[in-house]
1. What's the number of the only condition in (1) away from the ligand (no atom under 16 Å from the Cβ); (2) in contact (Cβ under 8 Å) with a residue 40 or more places away in the chain; (3) of a type in the set (Val, Ile, Thr); (4) touching a Lys or Arg at 6+ places or on another chain (Cβ under 9 Å) that Val182 fails to meet?
2. So Lys9 fits all but one of (1) more than 16 Å from the ligand (Cβ to nearest atom); (2) of a type outside the set (Asp, Glu); (3) closer than 27 Å to Glu300 by Cα; (4) crowded, with 19+ Cβ neighbours inside 10 Å; what number is the exception?
3. If we only count helices (runs of 4 or more DSSP H) wholly inside the stretch 360-457, which ones have 1 or more residues that are over 24 Å from Asp42 (Cα atoms)?
4. Residues Leu213, Leu282, Leu274, Leu260: which one is part of a helix (DSSP H, G or I) and either closer than 18 Å to Leu306 by Cα or more than 16 Å from the ligand (Cβ to nearest atom) (or both)?
5. Within the stretch 391-438, track down each residue that is of a type in the set (Gly, Ala, Ser) and within 16 Å of the ligand (Cβ to nearest atom).
6. Output the qualifying pairs, or none if there are none: Cβ atoms under 7 angstrom, residues six or more apart or on different chains, first residue in the stretch 113-132 and of a type outside the set (Ser, Thr, Tyr) and at pLDDT below 95, second residue in a helix (DSSP H, G or I) and near the ligand (Cβ under 10 Å from one of its atoms).
7. Go through the stretch 185-225 and count every residue that is surrounded by fewer than 24 Cβ atoms within 10 Å (Cβ to Cβ), out of contact with any helix residue (DSSP H, G or I) (no Cβ under 8 Å at 6 or more places or on another chain) and in contact (Cβ under 8 Å) with a residue 24 or more places away in the chain.
8. Which one is surrounded by the fewest Cβ atoms within 10 Å (Cβ to Cβ) among residues in the stretch 233-257 that are away from the ligand (no atom under 14 Å from the Cβ) and part of a loop (DSSP other than H, G, I, E, B)?
Amino acid sequence: MKTIIEPFKIKVVEPIRMTTRSERERILAEAGYNLFLVHSDDVLIDLLTDSGTAAMSHEQWAGIMRGDEAYACSRSWYRFLETVRSIFGFRHVIPTHQGRAAERILFSVLCKPGDVVPNNTHFDTTRANIEYRGAEARDLLRPEALETGRPLPFKGDMDTEALERLIDEVGTERIPLVMLTVTNNSGGGQPVSMANIRAVSEIAHRHGIPFYLDACRFAENAYFIQQREPGYADRSVREIAREMFSLADGCTMSAKKDGLVNIGGFLCTNDDRLAEQERDLLILTEGFPTYGGLAGRDLEAIAIGLEEVLHEDYLTYRIASTSYLGRRIADAGVPIVQPPGGHAIYIDAKAMLPQIPPLEFPGQALSVELYHEAGIRSVEIGSVMFARRDPDTGVEQPAPMELVRLAIPRRVYTQSHIDYVVEAILEVHRKREKLRGYRIVHQAPFLRHFTARFEPV
Ligand code: PM9
């Protein structure tokens, strides 16, 4: 048999609603052309994010009922702790309500104003939490990763020469940690090779700098290593994940991705002193160290999700379904980041809409049109999210790439949903010359993409 099927049956269904084109025009205008502000009942297929949108399994729902809600040292905490330790291998596990809470605690303890944190590409919340501490988030992706059409196997790899140069330039005392994001979400959902994880770990440790993984999509990254990196074909994804984590001193994790749950996260470290400081902060804002910001039932669901995400038939289906979407639209001429990533397909809006200048937000124009055309919600990952003001001139600098991300929730949509998405994208692609840009009429000082309002240029 050649067909790769969804390795599950559907037990509970959630209706989705078709809207008319004129309804969508009104909805877009009311939302200030920001898809984050559109009511989810008005979205037919929601590819805004793969974060917190997974369908849980019957085992996870059973775990929800088994959750022990004792304030301290609950049974669910020990189950969660045992599972995280067995997969991730770190000594200290600090539960948080989601990934950015883990980031906030980590950077509050480690970063001071003037510090620099290197990463392959920081995700928006990671960057914002570093900048909030007065430190600088520096992206060190290899230059070829910015060539969206080049199908290299590990485009999430960090540029290790650039890392060495940065350490020479700013000195080890101003680099409190080095991070790698697996897979590299803002850089196209591309995996990082084990060779690169090892090389970055070696450089950081040679200079006495702690090395952390942003592990949100660790299982997808490990699967890509198994499929693409010489020497790993016969290793299980679990073994590969253990090897990845064995090279790091800690990690931040949003369980809303490869934890297969709707809320949750954690922070891990091997450093006893750091763990104590982190737990003190945890108690201040998240909760007692055996639940963090989570209910006992959430801890159960995460423990089960972390096991299920490593099932290889699940990962085979997951990666095949993402690449099916990518292949179908790329074969019809839509420029995408190649090769397809693990959790999402990224359309290169700069290449598709050359008539729209970067600071008129081609990615925003494309994602708005996709909703207008077919009720599909995607997200811009370009200059709306990542443009920077030049500190000297105050002039806005565009982001290096103008992408639209179609993130695929885990175990939620079937192949016919994806076929509908393909048809819609091809329809928008046919009319691409008619699309025009947007300008921002309202924005917040941090993470502006969540609440900004736009109007058509
Ligand atoms: N990522 C995403 O959609 C959700 C927030 S933005 C719509 O991709 C990485 C690599 C992420 C990430 C969230 C976080 C933060 C950290 N690192 O959302 O706080 O992709 O659980 O995780 C989102 P939380």
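1. Unmet condition: (1).
2. (4)
3. 383-386, 415-430
4. Leu274
5. Residues of the stretch 391-438 of a type in the set (Gly, Ala, Ser): 394, 399, 407, 416, 424, 437.
If the condition is that a residue be of a type in the set (Gly, Ala, Ser) and within 16 Å of the ligand (Cβ to nearest atom), then Ala399, Ala407 are the ones that fit.
6. From residues that are of a type outside the set (Ser, Thr, Tyr) and at pLDDT below 95, the pairs are Asp124/Met385.
7. 3
8. Step by step, filter the stretch 233-257, then rank; the result is Asp234.
The values are calculated or read from the model by the stated rules, or taken from the named source; none is laboratory data. Here the structure is a predicted model, which is why all the values come from computation and not from measurement. Virtual Cβ from ideal backbone geometry, glycine too; neighbours counted across all protein chains shown.
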